[in-house]
1. Within 10 Å of each candidate Cβ there may be at most 15 other Cβ atoms; applying that plus a DSSP loop requirement, which GluC sites (Glu not before Pro) in segment 228-314 survive?
2. From the C-alpha coordinates alone, can you work out the Kirkwood hydrodynamic radius of segment 177-219, in Å?
3. Hey, got the Cα dimensions of segment 297-340 along the principal axes, in Å, largest first?
4. Looking at segment 1-127 only, what percent of DSSP beta bridges run antiparallel? Nearest 5 please.
5. Taking 31 Å as the cut-off for C-alpha to C-alpha distance, list the pairs among K194/K421; K58/K297; K66/K269 that go past it.
6. Whose amide H sits under 5 Å from the amide H of K139, counting only residues 5 or more places off or on another chain, with H placed in the peptide plane?
7. So in the chain, what percent of DSSP beta bridges are antiparallel if you round to the nearest 5?
8. Using the alpha carbons of the chain, what is the convex hull volume per residue in cubic angstrom, as a whole number?
Amino acid sequence: MSLNILVVGAGICGPAFATLLQRSNPKHRITILERFESLRISGQQVDLKTQAPHILGKMGLMERIKAHCVNETGLEMVDSMDKQVSYFPAAAAGERRPGLTSEHEIMRGDMVQVLYDASVEQNAFLKPQLGSHGGILYKFGQTITALDQNLDGVDVTFSNGERQGFDLVVAADGQGSRTRRLAFGEDISDAAFKSLGIHGAYFSIPRAEGEGSLARGHLAPGRRMIMTRTSDRPVTGVLLFAMEQSGRLRASYKGSQEAQKKAFLETFKDVEWQTDRLIEGLRSSEDFYAHELGQIKMSQLSTGRVVLLGDAGYCPSPFTGLGTNLCLMGAYILAGELARQGGDVKRALQSYEDAMRPFIDECQRFSTGSLGLFFPSSRIGVWSLGKLLWAVSKVNGLFPQSQKDDTHDGCIPEYPELNLKILFWFILTWQLEE
Ligand SMILES: Cc1cc2nc3c(=O)[nH]c(=O)nc-3n(C[C@H](O)[C@H](O)[C@H](O)COP(=O)(O)OP(=O)(O)OC[C@H]3O[C@@H](n4cnc5c(N)ncnc54)[C@H](O)[C@@H]3O)c2cc1C
């Protein structure tokens, strides 16, 4: 049975889900709504580890993704004199080792673009056979303003005033999901956000001469951390993190982007590492993005015929480096269960929830209590943490393969109903003929 589905959000998991589901039944009608006028391709690096490379491999996209991966060779922590304190090499995709860099690192924008392109190409290939019977349709510059659930579907009101009925609404609109708030209510939605007490700002600055392929990290007293990531790109990505008590950063999110920049500037103006470069870069950056880091913990992933996907339902926080992995797993499992259960949407949503729970719990397992240890307030605290990281890096170097984990592929459920292998060959043939 074909379904009429609305996906809210054309980030990472929205296009991935649509592409996967369309392979199971090209007659599904899938509308993807994005509130921005075009794809939102900003953001810094995202890690593709644990299950993510396997899902992308199943979709036939891993080679394309690899072509866009940045070449970051590891992470070095430096002191205020720019001297290396510790060094962690990049970890292979299946390895679990301390460090920031994994084998497959890609700019968020490139990832969004690859997934979007794949969905558009697949749709263009299938469309002539379908006529008006199905397909993927993107609508940019629009959002939803109301959801009315009934027994068989959801009536959706769009920001342009139009109304339309759908069999299923998929909330893929990120951590602050408006769809989640409309479907579950403000109170449940607000309570689902578990703050880590850390604020992060991300922006790009011009690459400096001599800057190599290592990510660089600096701990500053006053519970602040700075990272720069250049890899093989012409610009350097900057990440600022602060564990603040004053509430200045949190309050700034209610204001303009200029107000947010000002709050981060005030917080970081006296760090003793690359100060002028970072402050000037922050002031003039054009891709600045800031938020409070947290996890989304929902006791249910669906209500009626509205289901949460990706960060909207189970953001594990950027500190785990597992957000993209988890959202791709979600897209794959939701599409797989809908394909397996045919037209029985309710059953599919329950199976999706059951299958996702262990992965969500695993990715969100995170000791928030110990997070403070990584944000020392005093100089002596920074020095001690530097020594500890040095010791960990040395032990890490002695056992390079110590915790190799090859189980990620094996734990991914198989869904023959998604026709991944069959359609992949069609697409490959079609591309070769082009
Ligand atoms: C601008 C931006 C920058 C990011 N930068 C980083 C980064 O540097 N490092 C990192 O690890 N993670 C970053 N993330 C988060 C990362 O993309 C996610 O953690 C993860 O990949 C899960 O993706 P997702 O598809 O669930 O959500 P997202 O990637 O957040 O995508 C959500 C999409 O929904 C759209 N949207 C939001 N609200 C609405 C609405 N009401 N109606 C319609 N559309 C809506 C957004 O514009 C976006 O395109 C960023 C996210 C965004 C949006």
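Read-outs: derived from the displayed coordinates by stated rules, not from any lab. Predicted model, so just to flag it, every value in this text is computed and none were measured. Note that each Cβ is placed from the backbone with ideal geometry, even for glycine, and that neighbours are counted across all protein chains shown.
1. E272, E286
2. Value: 14.6 Å, from the Cα pair sum.
3. Its Cα atoms span 32, 19, 11 Å along the three principal axes.
4. Antiparallel: roughly 60 percent of the beta bridges in segment 1-127.
5. K194/K421; K66/K269
6. I32, L33, E34
7. 70
8. 147
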